[in-house]
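Everything below concerns the one structure shown next.
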Amino acid sequence: MSFIEKLAAIVGPKGLITDEKDMGGFLTEWRDKYQGKALAIALPDSTEQVAEIVRLCAETGTPIVPQGGNTGLVGGSIPFDGGDELILSLRRMNKVRDVDAGSGTLTVDAGCILADLQKVAEEHGFMFPLRIGSEGSCQIGGNISTNAGGVQVLHYGNTREQVLGIEAVLPDGQVWDGLTSLRKDNTGYDLKQLFIGAEGTLGIITGAVVKMYPRPRYQQVAMIAIPDPAAAVSFLGLARRLSGDQVTAIELIPRIAIDLVVRHVPDFTDPMPAPYDWQILVELSSSATPDLKGLMESILEEGFEAGVVLDAIIPDSIAQQERLWMLREEISGAQKPEGGSIKHDISVPVSKIPDFIKAADEAVDKVVPGFRPVTFGHIGDGNLHYNPLQPVGMDKQEFLGKWEEVSRTVHDIAASFRGSISAEHGIGRMKKNDLPRYKQAVEIDMMRKIKAALDPQGIMNPGKVLPDETNGSKTG
Ligand code: FAD
């Protein structure tokens, strides 16, 4: 039997795509930055099928690209263009296996869509706190594999902090059932941590146990105009202190981001009373403080007095609050029609955010005079999406031709503040060869040894995360 026939025998006709014209959405990513070719797409519907496929690939030396919702932003879920890799999509493994209200846990298949999982938690009176713009398409297995962040990390932590247990298929086809819901377990190395953020290079996550949290009964959002990014940092300290740490999100939004959403997304009007340069979207959540609006107003009053607040809107209805969040979520897409945009996902210590923005703006302007900085994101985590947009009138390709130089400039500045070049999106293909510049040799050496120990054949998502010379033959 050929490889494809053996695959078909494992997954059946519904679980296999071999015709290139049906592979479309699996071969290209959301930003169209990466396209590839695949031998086939396998869509198993059980952990046993995943294990059989991986054993077949291990026997034949076939490289595997695990794929979740394919919303990743660093090319990790896209094969290279040689056409010799198998995409293993978790799409059909989308069941909630167990809801344990007593333990506050959900046990799920890795292919569960994040929004579906949030809904199940809500139906049981809980919430799952991972909230990201792609939640309608991304899968929990992809979230775990990228250690996704989002808007509530400030209060609840990133994905790593939500995971209690993992089920994974190792590169030799063994199944590891680590589906524990224990909150305490100090029996040696915490192996699940290896798979969280590994971007599919160490094995395939097939299931997980994640935490649920009590759903806050009250929530209040405000859009607050501030004089500059330093005021955002000061406001955060003030709000946390005055609210008893009930700030669940704080997002930095520049004027240009609002203008782009209003210009390119139908039915959006500018919510601000005047065109301020900077604003923050702040959310308070609580079950114990019914009058969160009153609390927000008193925090704002102190903010005015301290000179860190210029103006604010505090919506009354839930619908208006949701509208402000939608505006925030539309920022990513609203940059697209404006031409070239060079994306960054950096983090620095929270207190260094203002210095980072100033230094990056000055330095990038020397590389591309007149560029338009779209600088937004999770300021409470020190995580900014620092996205230089092409100057008006510049040729898009000419601007994108500066990608490496601009990124090197931005990343060097983040590193000078002991920051990270990838706060929440991962490394994938995009940043793998930048790692030696920003990580210590001893760190890369440890990563290489872990990879070699678990995946000696190098079949699991080769050419991703690890720099080229340490990660098999895939390059690009
Ligand atoms: P994929 O894109 O399919 O895969 C991502 C990586 O994980 C790949 O390397 C893949 O090989 C691997 N992988 C996927 N599933 C598995 C598995 N089961 N086992 C092993 N490896 C696997 N990210 C944030 O962190 N915060 C945000 O706020 C955020 N906002 C976004 C907004 C938009 C509009 C978009 C398009 C993306 C955003 N992202 C954000 C990025 C992206 O949604 C996340 O990285 C997400 O966690 C990826 O999940 P996925 O299921 O789409 O994974």
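The table for this structure:
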| read-out | value |
| --- | --- |
| Total residues in the stretch 25-50, condition assigned to a helix (DSSP H, G or I) and within 15 Å of the ligand (Cβ to nearest atom) | 5 |
| Counted residues, the stretch 263-283 - those being more than 23 Å from A231 (Cβ to Cβ) and either among the hydrophobic types (A, V, I, L, M, F, W, C) or under 24 Å from the mean Cα position of the chain (by Cα) (or both) | 3 |
| Selected residue (only one of D455, D412, D445, D468 is acidic (D, E) and either in contact with a His (Cβ under 9 Å, 6 or more places away or on another chain) or buried (at least 19 other Cβ atoms within 10 Å of the Cβ) (or both)) | D455 |
| Long-range neighbours under 6 Å by Cβ, at least six apart or interchain, first residue closer than 12 Å to D412 by Cα within the stretch 426-443, second of a type in the set (A, V, I, L, M) and outside any loop (DSSP other than H, G, I, E, B) | Y438/A415 |
| Selected residue (only one of S145, S103 is assigned by TED's automatic domain parsing to the domain that holds D177 and assigned to a loop (DSSP other than H, G, I, E, B)) | S103 |
| Filtered residue count, the stretch 334-392, keeping only those that are charged (D, E, K, R) and closer than 20 Å to E404 by Cβ | 7 |
| Given (1) closer than 30 Å to A239 by Cα; (2) among the basic types (K, R); (3) within 13 Å of the ligand (Cβ to nearest atom), number of the condition R92 does not satisfy | (1) |
| Residue among L281, L300, L292 that is within 16 Å of the ligand (Cβ to nearest atom) and aliphatic (A, V, I, L, M) | L281 |
| Residue ID - nearest to the ligand (Cβ to nearest atom), chosen from residues in the stretch 122-142 that are part of a helix (DSSP H, G or I) and surrounded by fewer than 24 Cβ atoms within 10 Å (Cβ to Cβ) | E122 |
| Selected residue (criterion: farthest from the ligand (Cβ to nearest atom)) from residues of the stretch 356-413 that are outside any helix (DSSP H, G or I) and basic (K, R) | K402 |
| Residues satisfying the stated conditions in the stretch 156-194, i.e. buried (at least 20 other Cβ atoms within 10 Å of the Cβ) and more than 15 Å from the ligand (Cβ to nearest atom) | L164 |
| Condition met for D116 (outside the structural domain of A208 (by TED's automatic domain parsing) and more than 8 Å from the ligand (Cβ to nearest atom)) | no |
| Any hit, the stretch 53-66, residues being away from the ligand (no atom under 12 Å from the Cβ) and part of a loop (DSSP other than H, G, I, E, B) | yes |
| Near pairs, Cβ below 6 angstrom, 6+ apart or cross-chain, from the stretch 324-352 (under 26 Å from P271 (Cβ atoms)) to any residue that is of a type in the set (K, R) | G339/K396 |
| Filtered residue count, the stretch 298-320, keeping only those that are part of a loop (DSSP other than H, G, I, E, B), in contact with a Pro (Cβ under 8 Å, 6 or more places away or on another chain) and surrounded by 12 or more Cβ atoms within 10 Å (Cβ to Cβ) | 2 |
| Tally, over the stretch 69-79, of residues that are within 14 Å of M460 (Cβ to Cβ) and either more than 6 Å from the ligand (Cβ to nearest atom) or at pLDDT below 95 (or both) | 1 |
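The values are calculated or read from the model by the stated rules, or taken from the named source; none is laboratory data. Note that the structure is a prediction, hence the values are computed from the model and not measured. Using ideal geometry, Cβ is built from the backbone for each residue, glycine included, and neighbour counts are taken over all protein chains shown.
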